[in-house]
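J.: Let me begin by handing over the structure; questions about it come next.
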Amino acid sequence: MAIYVMSDIHGEYDKYLRMLNKIRFSDNDDLIILGDVVDKGSQPIELLRDMMMRPNVYPIMGNHDLLALDVLRKLAVDITEENAESQVDITVMNELIDWLYEGGKTTYDEFVRLDKEEREEVIEYLSEFSYYEVIDVGEKTFILVHAGLGNFRPDKKLSEYSVEELIMYRTDPEKKYFDDDSVYVVTGHTPTLIYSGKPEIYRSHNNICIDCGAVSECGRLACLCLDTMEEFYV
């Protein structure tokens, strides 16, 4: 049994499958995905539906996932003459336009091809994403979150962080957040090319940044095994 972490797959379903094959992912393993499953790449809904079928895959909410969830909930409502004006108002249309601009078109295109039951299943699954996870592996403790610990204070409980602080505020990899050397903060959200100029996992001051730009032309999908700290790339 092994515990793996990926992040920011962004609809790169083929890379995701290739990674599962590369790490020989089995029913005895666990995989935690640190958000931004959807948008930008060509098959975000196919990726979601694969994850839905795997009870040992645990998703954490990313900013793209939350934005998609908000818009898709509104789009999934049956529109009638009676509710059309209230359901599809200028606010909803602006949210849709903003989402499409941010990379939501591929998610939208796949979503509208689903039947009603399938749409409801996707929305329910997205709504169940957690906002952080804390797991112990051997003598190490890993805090797993999409973007970082915004407005950090040593005495601030994880449950006290706002959604925005967890999914939007970028981590500072050169800052050691906890005095305990056995505690690591694992994040995605910010491509590691920004930190090191390389599409590879970046480690510094007990921070582990794993968004290696899977959806970009010069990026890769990264996967980290928390048991061995071995890195994998496709």
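The values are calculated or read from the model by the stated rules, or taken from the named source; none is laboratory data. The structure displayed is predicted, hence computed values, not measured ones. Here Cβ is always computed from backbone atoms with ideal geometry, including for glycine, and neighbour counts include all displayed protein chains.
J.: Please find, within region 3-38, the residue that is nearest to THR106 (Cα to Cα) out of those that are buried (at least 20 other Cβ atoms within 10 Å of the Cβ) and among the small types (Gly, Ala, Ser).
T.: That would be GLY11.
J.: Restricting attention to region 12-43, report how many residues are in a helix (DSSP H, G or I) and either modelled with pLDDT under 95 or not hydrophobic (A, V, I, L, M, F, W, C) (or both).
T.: The qualifying residues number 7.
J.: Residue by residue through region 55-66, note down the ones that are more than 22 Å from ILE167 (Cα to Cα) and within 16 Å of the chain's Cα centre (by Cα).
T.: Passing the criteria: only ASN56.
This table checks each residue for (1) free of Cβ contacts under 8 Å to residues at least 24 places away in the same chain; (2) within 22 Å of ASP50 (Cα to Cα); (3) out of contact with any His (no Cβ under 8 Å at 6 or more places or on another chain).
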site: VAL134; (1), (2), (3): no, no, yes
site: ILE143; (1), (2), (3): no, no, yes
site: SER159; (1), (2), (3): yes, no, yes
site: ILE167; (1), (2), (3): no, no, no
site: THR187; (1), (2), (3): no, no, no
site: ILE210; (1), (2), (3): no, yes, yes
site: GLY213; (1), (2), (3): no, yes, yes
site: GLY219; (1), (2), (3): no, no, yes
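J.: Considering LEU193, LEU221, which residue is modelled with pLDDT of 95 or more, of a type outside the set (S, T, N, Q), under 19 Å from ASP36 (Cα atoms) and more than 17 Å from the chain's Cα centre (by Cα)?
T.: After applying the criteria, what remains is LEU193.
J.: Scan region 102-125 and report the pairs whose first residue is closer than 23 Å to VAL215 by Cβ and whose second residue is at pLDDT 95 or above and of a type in the set (S, T, N, Q), with Cβ atoms within less than 8 Å and a gap of 6+ or a chain change.
T.: Once the first residue is closer than 23 Å to VAL215 by Cβ and sits in region 102-125, its partners that are at pLDDT 95 or above and of a type in the set (S, T, N, Q) give THR106/SER42; THR106/GLN43; GLU110/GLN43.
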